[in-house]
Amino acid sequence: KPQFINDHKFIDSFRRESQAAASLSHPNIVNIYDVGREGNIHYIVMELIEGKTLSDYIHEQGPMAYPKVIILSKQIAAALSFAHKNHRDVKPHNIMITPSGTAKITDFGIAKAVNAATIVDNTEGIIGSVHYFSPEQARGGYVDEKSDIYSLGIVMYEMLTGRVPFDGDNPVNIALMHINGEMVPPSKLVDGVPPALEHIIMKCTDKYPVNRFTSADELIEALNNLEFVGSVVGDSVLMGGATGTMNGVRNGRGPIAETDYD
């Protein structure tokens, strides 16, 4: 953007982070092919992804059936596991869903303009999007893979319920909710949420990092176990004997295909 041409700090960050992202290659990460400059224009060349952002998908489709939430969450977690040394801005706006149902993370902490949904620290560095960042980010504390797990938990919550757990009139209030607010369990907002899946989401979004999953791989293992139990015992047992409807579709319809995009 023209307003950043003379911002050397921004340009250095853009170049450094873009080059770091270009070294990553994973089926659930959008590839960066080149980083360059032409005159005053600094640019990156990225893989072209057909599809829509997860935020648009949630807005158009509303709450998603829990099998699809599990499938997409595992894919996003796999990308985080692969790039565990590179903290990223995990939110639905930065996740593309292809027509075949594949999730691809598009943002790698690449320097970007501040907007109304972003809080900056006292060094003017962007520390995350307020609806999705962790309590430790809100405090300006140490950030690691567990912070990304928290953000993914918020994304899982939104996929399952169609809304974020914390919202408000300004970013500061929302940040304080992440630190002090009690999250309404997904099962209180929509029918048909397996208790085990709710437990996984609540563990991802625990206020204290020590109580979350230790890694994205551990989260994937928990989701795999949930899928396996569902395939063996069936939805009625998985739901604790309850049946429910979400987005006009009975959740007990069975496993959802990877290619079930619509």
All but one of (1) surrounded by 14 or more Cβ atoms within 10 Å (Cβ to Cβ); (2) in contact (Cβ under 8 Å) with a residue 24 or more places away in the chain; (3) assigned to a helix (DSSP H, G or I) hold for Gly192, so report the exception by its number. (3)
Can you say whether His59 is within 19 Å of Ser129 (Cα to Cα), free of Cβ contacts under 8 Å to residues at least 12 places away in the same chain and not acidic (Asp, Glu), as far as the supplied structure shows? yes
Thr98 - would you say it is modelled with pLDDT of 90 or more and more than 25 Å from Glu218 (Cβ to Cβ)? yes
Would you say Ala117 is open to solvent by less than 20 Å² (accessible area, probe 1.4 Å), over 20 Å from Glu50 (Cβ atoms), modelled with pLDDT under 90 and under 18 Å from the mean Cα position of the chain (by Cα)? no
Of Ile179, Ile200, which residue is farther than 12 Å from Gly153 by Cβ and not in a loop (DSSP other than H, G, I, E, B)? Ile179
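To keep it simple, each residue is scored yes or no on (1) open to solvent by 50 Å² or more (accessible area, probe 1.4 Å); (2) at pLDDT below 90; (3) over 30 Å from Ala175 (Cβ atoms).
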| position | (1), (2), (3) |
| --- | --- |
| Cys204 | no, no, no |
| Ala216 | no, no, no |
| Met239 | no, yes, yes |
| Gly244 | no, yes, yes |
| Arg253 | yes, yes, yes |
Filtering region 218-230 down to residues that are exposed (fewer than 13 other Cβ atoms within 10 Å of the Cβ) and modelled with pLDDT under 90 yields Phe228
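Condition test on Pro27, is it assigned to a loop (DSSP other than H, G, I, E, B) and more than 13 Å from the chain's Cα centre (by Cα)?
Spelling it out, Pro27 is indeed assigned to a loop (DSSP other than H, G, I, E, B) and more than 13 Å from the chain's Cα centre (by Cα).
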Residues in region 205-228: is at least one without any contact (Cβ under 8 Å) to a residue 60 or more places away in the chain, closer than 25 Å to Glu60 by Cβ and touching a helix residue (DSSP H, G or I) at 6+ places or on another chain (Cβ under 7 Å)? yes
Regarding region 77-90, can at least one residue be identified that is of a type in the set (Val, Ile, Thr), in contact (Cβ under 8 Å) with a residue 40 or more places away in the chain, touching a strand residue (DSSP E or B) at 6+ places or on another chain (Cβ under 7 Å) and assigned to a loop (DSSP other than H, G, I, E, B)? no
Listed residues Val172, Val164; which is aliphatic (A, V, I, L, M) and open to solvent by 40 Å² or more (accessible area, probe 1.4 Å)? Val172
Top-ranked residue in region 1-10 [being outside any helix (DSSP H, G or I) and of a type outside the set (D, E, K, R); ranked as most open to solvent (accessible area, probe 1.4 Å)]: Asn6
Suppose we keep only residues that are open to solvent by 50 Å² or more (accessible area, probe 1.4 Å) and not polar (S, T, N, Q) within region 67-104. Which one would you say is farthest from the chain's Cα centre (by Cα)? Pro99
Quick check on my filter: what residues within region 11-66 are open to solvent by 50 Å² or more (accessible area, probe 1.4 Å), of a type in the set (S, T, N, Q) and within 23 Å of Pro99 (Cα to Cα)? Ser25, Gln61
Six or more apart or on different chains, Cβ atoms under 7 Å: show the pairs whose first residue is in region 20-39 and free of Cβ contacts under 8 Å to residues at least 24 places away in the same chain and whose second is of a type in the set (Ser, Thr, Tyr) and in a loop (DSSP other than H, G, I, E, B). Asn31/Ser25
Just to be sure I understand the filter: pairs with C-beta atoms under 7 Å, separated by 6 or more residues or on different chains, first member in region 132-159 and in contact (Cβ under 8 Å) with a residue 24 or more places away in the chain and open to solvent by 10 Å² or more (accessible area, probe 1.4 Å), second member aromatic (Phe, Trp, Tyr) and not in a helix (DSSP H, G or I). Which pairs pass? Glu136/Tyr142
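The values are calculated or read from the model by the stated rules, or taken from the named source; none is laboratory data. As the structure is a computational prediction, the values presented were derived from the model and not from experiment. Glycine also receives a Cβ, built like all others from the backbone with ideal geometry; neighbour counts cover every protein chain displayed. These accessible areas exclude ligands, DNA and RNA; they are computed on the full protein's heavy atoms, side chains included. Shrake-Rupley method; radii C 1.70, N 1.55, O 1.52, S 1.80 Å.
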